[in-house]
Amino acid sequence: MSKQPILEIRDLEVFYGPIKALKNINITVYEGQVVALLGANGAGKTTTLRTLSGIIRPTNGQIIFEGKRIDKLAPEKITSNGISQSPEGRQIFGDLTVEENLKIGAYIVKSKKTLNDNFEKVYNYFPVLKERRNQVASTLSGGEQQMLAIGRALMNNPKVLLLDEPSLGLAPLLVKEILQIVNNIAKDGVTVVIVEQNAAQTLKIADYAYVLEVGNISKEGEGHNLANDSTLAEAYLGTV
Ligand code: ATP
């Protein structure tokens, strides 16, 4: 691809106190791609996403979004530049309704028309959220809560959507459904960086994927190539 990347992570290093969680991470993402971060528990996937969204500060390295460094910006500034995260464990507000949760997601949206357009967009991807818009979020099923978490991140009209384990705790059929919707979101032009344990399903929608191993990238490649990689199959795909 000859275009400039929308997002680049260069030589990223992150410490938690004395522990080096990310040693040397290099990731390149092009507009409209689905890029997957795979790997075992503790490999550093969530840390990478949280550093991208500004919640964690890197010790070394750079994060470049649309040609400009963002690694020293506050999380709100990164969001207003166009990067939204749906966090691991969903973190929705259980006492609030679906609609109220979505509205909170739209905190950088100023115009009423954009707000309404964004509600429509989210309800198009997830019709069940429209049906349940007045329902308190804690009473939604696990899958619906996950949809709400993704929908909430979409309410800011992001250029890049960061998803942390959207399939966590969901039945296989629902995993497939959610990943298909994620794929549709990317086809509509939103770039997606997705962290997943469910490598086999994720590689079906990923244009490109990185495998993390204790803070380093041990393997990378196009989704369909990694899906056929026998060493990866043994470690992560559960097919051997
Ligand atoms: P999982 O799939 O289990 O979420 P992960 O690949 O997302 O794993 P991270 O959560 O990024 O991994 O963790 C990377 C490493 O950093 C792990 O060794 C973890 O124990 C450590 N770590 C994560 N968060 C903290 C923290 N707040 N303080 C100290 N160490 C942390």
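Among the listed residues 75, 18, 58, identify the single one that is open to solvent by 10 Å² or more (accessible area, probe 1.4 Å), within 18 Å of residue 158 (Cα to Cα) and not charged (D, E, K, R).
Numbers: 18 fails: within 18 Å of residue 158 (Cα to Cα); 58 fails: within 18 Å of residue 158 (Cα to Cα).
When all the criteria are applied, what remains is 75.
Pairing residues of region 167-182 that are closer than 14 Å to residue 200 by Cα with residues that are in a helix (DSSP H, G or I) and not charged (D, E, K, R), at Cβ distances under 6 Å and at least 6 apart in sequence or on separate chains, gives 167/175; 175/201; 179/201; 179/205. Of all residues in region 128-145, those being farther than 14 Å from residue 100 by Cβ and aliphatic (A, V, I, L, M) number 1.
For residue 69, state whether it is away from the ligand (no atom under 16 Å from the Cβ) and exposed (fewer than 14 other Cβ atoms within 10 Å of the Cβ). Let's see the steps before the verdict.
Working: away from the ligand (no atom under 16 Å from the Cβ): yes; exposed (fewer than 14 other Cβ atoms within 10 Å of the Cβ): yes.
Yes.
Looking only at residues in region 144-172 that are within 16 Å of the ligand (Cβ to nearest atom) and under 11 Å from the mean Cα position of the chain (by Cα), the one that is farthest from residue 109 (Cα to Cα) is 165. Of the residues making up region 115-129, one or more are open to solvent by 30 Å² or more (accessible area, probe 1.4 Å) and polar (S, T, N, Q).
Quick check on residue 61: is it within 8 Å of the ligand (Cβ to nearest atom) and at positive phi? So residue 61 fails the test. Looking across 175, 182, 192, one residue alone is within 12 Å of residue 35 (Cβ to Cβ) and either part of a helix (DSSP H, G or I) or more than 15 Å from the chain's Cα centre (by Cα) (or both). It is 182.
Of all residues in region 87-114, those satisfying the criterion of being within 16 Å of the ligand (Cβ to nearest atom) and surrounded by fewer than 16 Cβ atoms within 10 Å (Cβ to Cβ) are 89, 91.
Of all residues in region 9-54, count the ones that are in a loop (DSSP other than H, G, I, E, B) and either touching a residue at least 24 places away in the same chain (Cβ under 8 Å) or within 9 Å of the ligand (Cβ to nearest atom) (or both). If you could, list the steps in order and put the result at the bottom.
Keep residues of region 9-54 that are in a loop (DSSP other than H, G, I, E, B), which gives 17-18, 30-33, 40-44, 53-54.
Checking which are either touching a residue at least 24 places away in the same chain (Cβ under 8 Å) or within 9 Å of the ligand (Cβ to nearest atom) (or both) leaves us with 17, 30-33, 40-44, 53-54.
Qualifying residue count for the region: 12.
Does residue 209 satisfy being over 30 Å from residue 97 (Cα atoms), touching a residue at least 60 places away in the same chain (Cβ under 8 Å) and not in a loop (DSSP other than H, G, I, E, B)?
It is true that residue 209 is over 30 Å from residue 97 (Cα atoms), touching a residue at least 60 places away in the same chain (Cβ under 8 Å) and not in a loop (DSSP other than H, G, I, E, B).
Filtering region 179-211 to residues that are out of contact with any helix residue (DSSP H, G or I) (no Cβ under 6 Å at 6 or more places or on another chain), away from the ligand (no atom under 16 Å from the Cβ) and among the polar types (S, T, N, Q) leaves 180, 184, 191. Within region 31-46, the residues that satisfy the criterion of being surrounded by fewer than 22 Cβ atoms within 10 Å (Cβ to Cβ) and farther than 18 Å from residue 84 by Cβ are 40, 41, 42. Of everything in region 195-206 that's outside any helix (DSSP H, G or I) and not hydrophobic (A, V, I, L, M, F, W, C), which residue is surrounded by the fewest Cβ atoms within 10 Å (Cβ to Cβ)? Among them, the one singled out is 197.
The values are calculated or read from the model by the stated rules, or taken from the named source; none is laboratory data. Just so you know, these numbers come straight off a predicted model, no measurement behind them. Please note: Cβ atoms are built from the backbone with ideal geometry, for glycine as well, and neighbour counts cover all protein chains shown. Remember, those area values only see protein heavy atoms, side chains included, never the ligands or the DNA or RNA. Shrake-Rupley method; radii C 1.70, N 1.55, O 1.52, S 1.80 Å.
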